[in-house]
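These notes are about the structure you will find just below.
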Amino acid sequence: MNLVIKNILSSIYVTAIFTGMRRGEHLGLKWNDIDFNAGTIHVQRSLTRTKSNGLILRDVKTKSSNRIIVISDYVLQILQDGKAKQDLMRQKLGNGYSDHDLVNCTEDGKPIGPRNLLRQFYRLLEEANVPKITFHDLRHLHATLLMALGENPKIVSERMGHSRVQVTLDTYSHVSADMQRKSANRFENAILQN
């Protein structure tokens, strides 16, 4: 696989793990959706493939899916590096670059089809000799870790774009049970040590 393409696409996996965004949301993300000063990503569209029109950008399906996600300095730096690499490719290709303002695109600026991303993802997993997971598992990893760290379920729900906190709690109930156990133990320690 072309090293340039791997470098350009590496940011999609980092942002998937660190934001919990859906695959189509990553593929529909534009540079103007990222506020580098505020350190946020505005999720407002998704890239999908339709039988009649091929690849299209469309607004996210629900009001809760249209959200602003605060990102860490690490993710911000990864995105800035990705933008710099993409700007170099744009200069190198000149008129051969198809500028759609997409954060995650092919080497020449065109949208990446969702299935193409999955093929590349599975190829990378195979090359790394790690168990096969789905791209969606990166989203689950984000939410599961936040819940395990004791993050407020409302914040996790907002980051994930869930319509209600209960959806988050139901989906990650196994983590919620661990949190309850830790909470009970902390309470016990606080009471018995005083």
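None of the figures in this text is laboratory data; all of them are computed from the coordinates on show. Not measured: the values here are computed from a predicted model. We place every Cβ from the backbone using ideal geometry, glycine too, and count neighbours over all the protein chains shown.
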Order of 110-118, 56-64, 22-30 by packing, highest average Cβ count within 10 Å first? 22-30, 110-118, 56-64
Relative contact order %, region 64-194, counting alpha carbon pairs below 8 Å whose residues are six or more apart: 22 percent
Going toward the positive end of the dipole of region 3-130, with +1 on Lys and Arg Cβ and -1 on Asp and Glu Cβ, which of 91, 52, 109 do you reach last? 52
Need the list of lysines near residue 92 for cross-linking: C-alpha distance under 18 angstrom, and skip anything on the same chain fewer than eight residues off. 6, 83, 110
Whole angstrom only: what separates the Cα centroid of region 139-194 from the Cα centroid of region 68-127? 33 Å
Compute the FRET efficiency between residue 72 and residue 152 as 1/(1 + (r/R0)^6), taking r as their Cβ-Cβ distance and R0 = 22 Å, and round to the nearest 0.05. 0.80
Cβ charges +1 (Lys, Arg) and -1 (Asp, Glu), total dipole of the chain, debye: 600 debye
Extension length gain for residue 101 and residue 189 (0.36 nm per residue less Cα distance), in nm, is 26.3 nm
Taking Cα atoms, the helix 73-93 axis meets the longest principal axis of the chain at an angle in degrees (rounded to 10) of 10 degrees
Looking at the chain as a GNM with Cα springs under 10 Å, which of 47, 102, 146 has the largest mean-square fluctuation? 146
Is the shape of region 139-193 rounded, prolate or oblate, going by the alpha carbon gyration tensor and its root eigenvalues a ≥ b ≥ c, with a/c under 1.5 for rounded and a/b larger than b/c for prolate? prolate
Answer label, with Rg and Dmax of the Cα atoms in Å calculated from the coordinates and candidates (i) 19.0, 72; (ii) 17.6, 57; (iii) 16.2, 49: (i)
If the only charges are +1 at each Lys and Arg Cβ and -1 at each Asp and Glu Cβ, what is the size of the charge dipole of region 64-104 around the Cα centre, to the nearest 20 debye? 80 debye
